[in-house]
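The values are calculated or read from the model by the stated rules, or taken from the named source; none is laboratory data. Small disclaimer: the values here were computed from a predicted structure and weren't measured. Here the Cβ positions follow ideal geometry from the backbone for every residue, glycine too, while neighbour counts run over all protein chains shown.
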Amino acid sequence: MTSTIRPLQLPEDYEGIARLLNSYWPEPTTAERLMEDDAKMYTEGHTYLNADGLLAGYDRTRRVAVTAAGEIVGYLLSWRAPWTEPGQINNTLIVMKSYRRQGVGQLLARHAALWSQGLGAKRLVSEIWDDCEDSLRFARQQGFTIERHTYQSVLPMEHFDRSSFGGVELFRKLEGRGLRFTTLKDEFTPQNEEKLYELYKETLVDIPGFHDEVPAIREWRTWLLEVDGYAPDQVLIAADRDRYIGVTNVLYNPSTKGMYHEYTGVSRKYRGQGIGLALKLKAIQLAKQRGAVYIRTDNDSLNEPILRINSQLGYKPLRGQYKITANIEDIVRCSS
């Protein structure tokens, strides 16, 4: 093996990490964006064992694998946020294709396991593409098993015809019942932002596979709402008078001219009435106004209501991701 792992050297490593992430992530990032995200982070972690003896709190570790020439060929981010499921550490581990099967991933995985074990965590969680046999083989060799399956899908804007989905009739029916559609930009006050947060709190926990705690409003705003590509007029809200009953948050990436459905949720009492479809149609209308060429989304394979809406709108399936988990003791043993 010709690579070694070391802690990050910042800001010099941002460029190399961004290149590596862009070889894996579906939407590109930049060194500048990584630096901005780091500026939002805590400077020191704080973890503890809760009343059930499970790891809680927040912390992270990062490592890069570098060649003798200093090229970054592997990257590891292991972290838990304050709202992460107790006992769990989340992980991103990427190795450049030409350096796989050389022990780089194993070294990074071992660092993640030993660091997490030192904190008192019980299991590691990550995600891999479902069409990458190398990643699945490696994950299984490290002791990971598949827990869930999510799918990407995309809606090209070029041939979408809103009139074929009965949108006019749907909005006439919903608005005739007193419902209205607005945006966070048009509605923004601290009180209305808190109403939106309460809607997220209600709907997040109903997502199949969601086991984390709901973040406090400050963390929700930073890490779930105002993420890369956010704009207040892209937060689409359905309201019953003053009550917020549905939301879609879409993000715009000018470098790809694409939009991404970050989140869609409808209050339990109002489900099955076409509100989710109406919000999706509003998002498509917004995408056309922005000049976007596509909208992309990710959905759990068990989230049947949203999958039905996406299919009805003409979303085309892309590759998906496996959520994989492993007991830390298994990873330490496999990587020894």
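Counting only residues that are free of Cβ contacts under 8 Å to residues at least 40 places away in the same chain and either of a type in the set (Ser, Thr, Tyr) or crowded, with 16+ Cβ neighbours inside 10 Å (or both), the range 1-42 holds 6 of them. Filter the range 276-305 for residues that are touching a helix residue (DSSP H, G or I) at 6+ places or on another chain (Cβ under 7 Å) and of a type in the set (A, V, I, L, M); which is farthest from HIS149 (Cα to Cα)? The extreme case among them is LEU286.
Each residue in the range 92-105 was checked for being in a helix (DSSP H, G or I), of a type outside the set (Val, Ile, Thr) and over 16 Å from GLU133 (Cβ atoms), and 2 of them qualify. Only one of (1) in a loop (DSSP other than H, G, I, E, B); (2) in contact with a helix residue (DSSP H, G or I) (Cβ under 9 Å, 6 or more places away or on another chain) is not met by THR43, so which one is it? Here THR43 meets the rest and fails (2).
The set of residues from the range 223-256 being hydroxyl-bearing (Ser, Thr, Tyr) and surrounded by fewer than 15 Cβ atoms within 10 Å (Cβ to Cβ) comprises just one member, SER255. Just one residue in the set LEU174, LEU114 is out of contact with any strand residue (DSSP E or B) (no Cβ under 7 Å at 6 or more places or on another chain) and either among the β-branched types (Val, Ile, Thr) or surrounded by fewer than 17 Cβ atoms within 10 Å (Cβ to Cβ) (or both); that residue is LEU114.
Counting only helices (runs of 4 or more DSSP H) that fall entirely inside the range 106-197 and contain at least 3 residues that are under 25 Å from GLY265 (Cβ atoms) and modelled with pLDDT under 95, the qualifying elements are 167-176. Listed by first and then second residue, the pairs with beta-carbon distance under 7 Å, at least 6 apart or on different chains, first residue in the range 58-84 and closer than 24 Å to HIS211 by Cβ, second of a type in the set (Lys, Arg), are TYR58/ARG80; ASP59/ARG80; LEU76/ARG62; LEU76/ARG63; LEU77/ARG60; LEU77/ARG62; SER78/ARG60; TRP79/ARG60. Across the range 315-331, which residue is nearest to VAL154 (Cα to Cα) among those that are buried (at least 16 other Cβ atoms within 10 Å of the Cβ), of a type outside the set (A, V, I, L, M) and out of contact with any Lys or Arg (no Cβ under 8 Å at 6 or more places or on another chain)? Ranking the candidates gives TYR315 first.
Please verify whether the range 203-212 includes one or more residues that are touching a helix residue (DSSP H, G or I) at 6+ places or on another chain (Cβ under 8 Å), in the same structural domain as LEU286 (by TED's automatic domain parsing), without any contact (Cβ under 8 Å) to a residue 40 or more places away in the chain and not in a helix (DSSP H, G or I). Yes, some residue in the range 203-212 is touching a helix residue (DSSP H, G or I) at 6+ places or on another chain (Cβ under 8 Å), in the same structural domain as LEU286 (by TED's automatic domain parsing), without any contact (Cβ under 8 Å) to a residue 40 or more places away in the chain and not in a helix (DSSP H, G or I).
Of all residues in the range 89-110, those being under 22 Å from ARG218 (Cα atoms) and in contact with a helix residue (DSSP H, G or I) (Cβ under 9 Å, 6 or more places away or on another chain) number 1.
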